[in-house]
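Visitor: Can you read through this structure? Questions will come right after.
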Amino acid sequence: MIIENDYNSRLGMEAIITATGDFPVEKFSREKGITIPAVLTIGENRESFLYYFEEMEEQDRDTSLFLKANKARKKGNIRTIYSNSNYYKEYNFFRKLTLVPSLVLDFQYVMDGHHFIHLRFHRKYLKEFSDLISSEAFPEINSVLYVGENRHSIENAKKFFRLFKVMHISYRFTPPEIEGRRDGNHLMKGDFSGEVRYINENRKIPFNLYMKPSNALVLENVKGKAADDEISEVSFENDMLNEIIFLSEHVAFPNFGIYFTRKNGILRFEALIPEMYSREFMKKVFNLSIKIPEWNIVLDNVCKAAV
């Protein structure tokens, strides 16, 4: 599994947080007995959750009414409900969560009327994390299901991948050499791997970079924090990745992880996508490949996510 072999072992701590409040999506999940994929995004002045529903020819009446009442947006076969901290102040906590260095927001979803947020972080920052969830900043609606060693749990991953029928989709591409270009790929040298920490609405993507100092170099004008175990935390803007990650201006594509590597000058972009949205995702990347043929984007793997 991609997150087991290349990324998961870098972050030694794991946590699961739940939130149970008076949110409409929680009530709907509880009443209908369904699980709803979600993505948390951080904006300049707000924190938002995006909830995803598949567009179906024969949508049941309750779901249709719920989507209409909550002003669901449609893009391709995806319906998205948008909810933010302007209406639900409890969401403010999640910005504080992303300030814990190295922390990656993994799987996010609503099930049985509860939000579930799975995350990983470097053991060096356990105190920062434990102080946060023990403080007054931790909302009363939240609970901690687990904090401890990263269990690399194969059984949990299998259950999760079965629940959502997750697809692993991979592309390789070769960025063109353009004089004066300052995107993220040209601000780093050598081989590296990395993963998106969380989705930032301002399009400046926060990454964890994993690399050996002898093999890779982050240039001086990329600001970031270095941790132990060859992890650097950086943010940069890359138009091509933003095109892939976002459905529209502030709406991220539903995903359970976004990863990348560079080896011998070839970049590989990998994503864990709910199966119901995988065709829409591939269509989106294909349209992008036509728009920027000089990047030589090639689909090189599609399979069910497995461990």
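Visitor: Please work out how much length the chain gains when fully extended from M282 to E243, using 0.36 nm per residue of separation minus the C-alpha to C-alpha distance, in nm with one decimal.
Guide: Extending this stretch completely gives an extra 12.8 nm.
Visitor: Going by how many other Cβ atoms sit within 10 Å of their own, how do M282, M13, M56 line up, fewest first?
Guide: The fewest-first ordering by Cβ neighbours comes to M56, M282, M13.
Visitor: Can I ask one more? For Cα pairs less than 8 Å apart in space and 6+ apart in sequence, what is the mean separation divided by the residue count of region 2-162, i.e. the relative contact order in percent? Don't jump to the answer; show the numbers that get you there.
Guide: Details: 248 pairs, mean separation 60.9, N = 161.
Answer for region 2-162 is 38 percent.
Visitor: Further question: Can you list which of the chymotrypsin sites (Phe, Trp or Tyr not before Pro) found in region 8-92 are DSSP loop residues with at most 11 other C-beta atoms within 10 Å? Intermediate values should be presented prior to the final figure.
Guide: Values: sites: F28, F49, Y51, Y52, F53, F66, Y82, Y87, Y88, Y91; in loops: Y87, Y88.
The qualifying sites are Y87.
Visitor: Pull out the extension gain between A69 and I16, defined as 0.36 nm times the separation in residues minus the alpha carbon to alpha carbon distance; nm, one decimal.
Guide: 16.0 nm
Visitor: Another question about this same structure. Among the GluC sites (Glu not before Pro) within region 37-129, which fall in a DSSP loop and have no more than 10 other Cβ atoms within 10 Å of their own Cβ?
Guide: Of the GluC sites (Glu not before Pro), the ones in loops of region 37-129 whose Cβ has at most 10 other Cβ atoms within 10 Å are E44, E57, E58.
Visitor: Please give the FRET efficiency for S235 paired with R61, using the beta carbon to beta carbon distance and R0 = 35 Å, rounded to the nearest 0.05.
Guide: Numbers: r = 44 Å, r/R0 = 1.26.
Step by step, r from the Cβ atoms, then E = 0.20.
Visitor: Any chance you could run the full-extension gain for R46 through L163? It's 0.36 nm times the residue separation minus the Cα-Cα distance, nm to one decimal. Each step should come with its number before you reach the end.
Guide: Numbers: separation 117, 0.36 × 117 = 42.12 nm, distance 3.00 nm.
Working it through step by step, the gained length comes to 39.1 nm.
Visitor: Over region 50-98, one equal point on each Cα, no solvent: what is log10 I(q)/I(0) by the Debye formula at q = 0.21, 0.29 Å⁻¹?
Guide: With no solvent term, the Cα-only Debye profile gives -0.76, -1.06.
Visitor: What is the distance in Å between the Cα centres of region 20-82 and region 96-131?
Guide: Distance between centres, Cα-based: 22 Å.
Visitor: Right, here's the next one. Using a cut-off of 13 Å between beta-carbons, work out the net charge of the residues near P139 (Lys and Arg +1, Asp and Glu -1, P139 not included).
Guide: Charge balance near P139 sits at -2.
Visitor: Okay, moving on. If you look at just the Cα atoms of region 2-162, how large are its Rg and its Dmax in Å?
Guide: 16.5, 50
Visitor: Here's another thing I want to ask about it. Measure off 7 Å from each Cα along the Cα-to-Cβ vector at K96 and K127, then give the distance between these two points in nanometres to one decimal.
Guide: Roughly 1.9 nm, to one decimal.
Visitor: Within region 27-89, list the trypsin sites (Lys or Arg not before Pro) lying in a DSSP loop whose Cβ has at most 16 other Cβ atoms in a 10 Å radius.
Guide: When the trypsin sites (Lys or Arg not before Pro) of region 27-89 are filtered for loop state and at most 16 Cβ neighbours within 10 Å, R46, K71 remain.
Each reported figure results from applying straightforward, stated rules to the coordinates on display, with no laboratory input. Keep in mind that this is a model prediction, so the values were computed, not measured. Positions of Cβ are backbone-derived with ideal geometry, glycine not excepted, and every protein chain shown enters the neighbour counts.
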